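Worksheet: one structure, shown below.
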Amino acid sequence: MMKVCWPYFDPEFDNLPERIYGPPCRVCIDNESMEDCTVIKVDSVNKQGILLEVVQVLTNMNLTILKSYISSDAGWFMDVFHVKDEHGNKLKDQNVINYIQQALGTVRESENTVKAKACSNDVFNSEQPSEHTAIEMSGTDRPGLFSEISAALADLHCNVVEAHAWSHNARLACVAYISDQSTDTPIYDPHRLATIEDHLTTVLRATTTPIQSGFDTTSPQEVKTAEFVEGTNMADVERRLHQLMLSVGDFDGPPFEPMSTSPPPPGSDGDEEGRKTVVSIENCHEKWYSIVSIECKDRPRLMFDTVCTLIDMEYVIFHASITSREGRSFQEYFIRHVDGYALSTEGEKDRVIKCLEAAIERRVCEGVRVELSAENRVGLLSDITRLLRENGLTVVRADVETQGEKAVNAFYVRDISGNEVDVDMDFVESVKKEMDVIDLEVKNDTIRRPRASSSSSPRPSPGLFSLGDVLKSQIERFSHNFIPIK
């Protein structure tokens, strides 16, 4: 009788990847423990940047993080988040819960996939279905600069599909996605890309002398183009904006203050009681940690901004505790530099404090917000920003997106001196005459604080208070085509 020999397979072979790399990431979403929020627990093998990846997933879902407890000593990462959705409710949609479990369960694998890097020529993805060319711009800001950039792209026969810009401390960072005007495809020609870079660099450097302009001209002006690859989300773009602002030193503030800018009102950078952002650092010599403590006004995406900044400055977060109450956020991070040492000098501590303060401030814009939706066309962004500029308005933050055949634009605007403004009827009439507007809305996001000397309720200024009624009357005939702007 012939004997048949079969190859031997070790029964532990199937578990080999887990034995080498550790068990997979475990995610638990608990809707029972807390009455008013959902608890998300994440356990995984630790690696540098995993906390940021987890926070990015939650940020992409527009979740508000109420509390968080983080521990990542001994090679293991454990995190607990108390979250609500964008409407302030617990997570009830099972599809949303399944998506979060899947996304968080794969964060450990993302180390070998495409992710944002701290270099100046990153490729970013968008939720747009087609591919485009990404352009990054950073440098000294000045009144009307975003309008000039938009006009330059139109002159170069580039269609702006999406753009996001931040302005802070007289610095500007912008990430834009463009396509060829005639073919609506990415721009591959290296000579044309070089021309675009040179032209935009010239626009960025076109600032007059510091004495004349009141703005700093010493920060580096940089324009980079890259092929656009599909798959990245808004959190990656926002992280890149943080990196660009950090690279041009917005945390140091403008060396030359605009001459006509009036001083901010007392308490304008704090909450309703005028309390400011407070960042402090002390060393824990027993464990060789540096303890970073942050107290500031609470807002969405705050944890993402602070964690993103610490990671991009090459610090490792070992433990953290985040909580919020009465509109204030309290964050505490136990960190070391990637070389394993705590912050050793006062200069290093001072730089981390300034960078965290800038990260908290640069996203926040108070004042007049102009939201506009119109039929998409080449040069639309250039026309809109030109109208803003001709009416004495300068853009301090911009979010421009294309949704099918519609262009959705949101701008925070101030006057050329950086002061709050009142958008008058001339602006409304200009928009009506020069473009086919589907929806136009102006909001005042300034926090109105009660006056100590008056017992009456605070009221907005007459111009800004009446503007909403004026605009509504002017755009009622477009209401049947209304598109909500988020």
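The values are calculated or read from the model by the stated rules, or taken from the named source; none is laboratory data. Fair warning: this is a prediction, and the values are worked out from it, not measured in the lab. Cβ coordinates were reconstructed from backbone atoms using ideal geometry, including for glycine residues, and neighbour counts include every protein chain displayed. With ligands, DNA and RNA removed, areas are computed over all heavy atoms of the protein, side chains included. Shrake-Rupley method; radii C 1.70, N 1.55, O 1.52, S 1.80 Å.
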Whole-Å semi-axes of the ellipsoid equivalent to the range 62-103 (Cα gyration tensor, √5λ, descending): 23, 14, 6
Among the listed pairs K47/K84; K47/K287; K276/K443; K47/K92, those beyond 29 Å (Cα-Cα): K47/K92
H191/Y99 FRET efficiency (R0 45 Å; Cβ-Cβ; nearest 0.05): 0.55
FRET efficiency for H337 and E390, using Cβ-Cβ distance with R0 set to 35 Å, rounded to 0.05: 0.10
Accessible area of F330 in the full protein assembly, 1.4 Å probe (Å², nearest 10): 50
Whole-Å semi-axes of the range 154-211's equivalent ellipsoid (Cα gyration tensor): 25, 15, 9
Sites D36 and E346 - FRET efficiency at Förster radius 56 Å, r taken between beta-carbons, to 0.05: 0.85
The range 389-423 and the range 39-92: distance between their alpha carbon centers, rounded to Å: 33
Ranking by accessible area, most exposed first, for H199, H164 with a 1.4 Å probe: H199, H164
Shape call, the range 127-189: gyration tensor on alpha carbons, a/c limit 1.5: prolate
Distant-in-sequence amide H partners of G144 (H built 1.01 Å from N, under 5 Å): V395
In Hz, Karplus ³J(HN,Hα) per residue of the range 134-146 (6.51, -1.76, 1.60; θ = phi - 60°; x = Gly, Pro): 8, 10, 10, 10, 8, x, 6, 8, 7, x, x, 5, 4
Listed residues S247, S71 arranged by accessible area, highest first, probe 1.4 Å: S247, S71
Most to least accessible of Y289, Y69 (protein chains only, probe 1.4 Å): Y69, Y289
